[in-house]
Ligand code: PLP
C-alpha cells in the first residue's frame with residue numbers, strides 16, 4: 001500500500017530526493033566517504049553549499065542586497081535571534097497574533113527584553129481568520145512580525161500587510177518555497193527546513209544587508225553579521241541537512257520553480273476545500289479568503305468521529321491527519337512533495353467515510 005504522509009512537519013519529501021540520498025549515502029561522488037562523513041571545509045561540501053545558496057537565490061528571486069544565512073536551532077531560535085539583531089533602535093516590535101507560532105515569537109522576543117505590542121489578534125475567533133493591520137505608527141517599532149502561514153490553525157497571508165517605513169519580518173516556516181512572495185517586502189524572513197526544504201536541523205534566514213551589524217557582542221550563534229561574514233560557516237554547519245536542502249532545491253528547479261509549486265498547491269488544496277465545502281459531515285472552519293494552501297484544517301464537530309476518521313485514514317495509508325491538540329479535528333498538510341494523487345486518495349477516503357456514516 002502506498003503511504004501518504006500528511007504530517008505538519010517534519011514532512012514528506014520528494015521520492016526522487018530520498019532515492020538520491022540513498023544512492024549517495026555509502027560514497028558521495030565516489031569519494032569513498034559517506035555524505036555524512038565529509039568535512040564542511042572540503043571542496044565537495046563547498047560545491048554543495050554554494051549551489052544550494054545559488055539555487056535558493058534563483059528560485060526565490062532574492063535581491064543581491066539580501067544575505068542568505070544558514071543556522072541551526074530551528075525557527076524557534078530565530079524568534080530570539082531576530083529581536084536580538086533587529087530590534088536595536090526602539091527595542092519594541094509589533095506583532096499580528098495569528099496563532100500559536102506568532103504568540104511563541106512574541107514570547108521569545110519578550111524574554112530578551114524587547115517590548116511586544118500585539119496590534120491585532122484573532123484569538124477570540126479561534127484563529128479562523130487572519131488578524132488585520134489597521135494602523136501602524138511609523139518610528140515606533142523596529143519591525144512587525146507576522147507568520148505567513150499558520151501551520152496549526154490553517155491560515156495564510158496571500159498579500160502581506162503594507163507596513164510603510166516599518167520593516168516586515170516573516171516567519172515563513174510552513175510555506176517557504178511553496179507560495180510566491182516578494183522578498184523585497186520583507187526586512188527579514190526565517191524558515192525551518194523540515195517542511196518544504198528537507199530535514200530538521202537547518203534554518204534559513206534571509207535578511208537585508210542594511211539591517212545587520214548594528215549590535216555589538218551578540219552571542220555568536222545568533223549573530224547575523226557574524227554569520228554573513230563567515231558565510232554561515234562560523235562553526236560546523238548541519239552538513240547533511242544542507243546537502244538534503246540542496247537536493248530539494250534542485251528538485252524544485254526541475255519541477256518548474258515556486259510559481260509551479262504554488263499552482264500545484266492551489267490545485268491540491270482546492271480539491272480538498274471544495275470537497276469540505278460541499279460535505280454535510282466535514283467543515284473547514286477557516287474563512288475562505290484566509291485559507292492556507294499548505295495546512296488544511298477540518299472538523300466534524302464530534303471528537304469521537306474525528307478520531308475514527310484519523311484511525312480509518314491511517315488504515316488506508318493516509319497517515320498523520322490528526323489535527324493539532326489546540327485545534328482538534330483533522331489537518332492535512334499538503335507540502336510541495338505531496339502529490340495530487342495523495343489528495344485525491346484522501347478526498348476519496350473522506351467521501352466514502354461520509355457515505356458510510358450517513359448510511
Ligand atoms: N514557525 C512555524 C510557522 C512553524 O510551523 C514551526 C514548527 O512547526 C516553527 C515556527 C518552529 O520551528 P522549529 O521547530 O524549527 O523551531
Of all DSSP beta bridges in the stretch 15-254, what percent run antiparallel (nearest 5)? 45
Relative contact order for the stretch 15-254: what percent, with Cα pairs under 8 Å and sequence separation of 6 or more? 25
So how do 283, 300 line up by other beta-carbon neighbours within 10 Å, fewest first? 283, 300
Using only alpha carbon positions, build the gyration tensor of the chain, then give the equivalent ellipsoid semi-axes as the square roots of 5 times its eigenvalues, largest first, whole angstrom. 34, 28, 16
If packing is taken as the average number of other Cβ atoms within 10 Å across a peptide's residues, how do 314-320, 38-44, 186-192 rank, most packed first? 186-192, 314-320, 38-44
Highest average packing first - 238-244, 274-280, Cβ atoms within 10 Å: 238-244, 274-280
How much mean residue ellipticity at 222 nm does the chain get from its helices, if each DSSP H run of length 4 or more adds -39500 (n - 2.57) and you divide by all residues, to the nearest 500 deg cm²/dmol? -12000 deg cm²/dmol
Using a 10 Å cut-off around each Cβ, can you sort 61, 92 from fewest to most neighbouring Cβ atoms? 61, 92
The rounded separation in angstrom of the Cα centers of the stretch 186-234 and the stretch 287-313 is 35
Work out how much length residue 260 to residue 41 would gain on full extension: take 0.36 nm times their residue separation and subtract the Cα-Cα distance, in nm to one decimal. 75.4 nm
Given labels modelled 7 Å from the Cα in the Cβ direction, how far is it in nm from residue 61 to residue 159? 1.7
Whole-number percent relative contact order across the stretch 258-358, with pairs defined as alpha carbons under 8 Å at least 6 apart: 28
Which order do 162, 153 fall in if you start with the one that has the fewest other Cβ atoms within 10 Å? 162, 153
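Bear in mind these aren't lab numbers, they're just calculated from the coordinates by the rules spelled out. Just so it is clear, the model here is predicted, and its values are computed rather than measured. With ideal geometry, Cβ positions are generated from the backbone for all residues, glycine too; neighbour counts draw on all protein chains shown.
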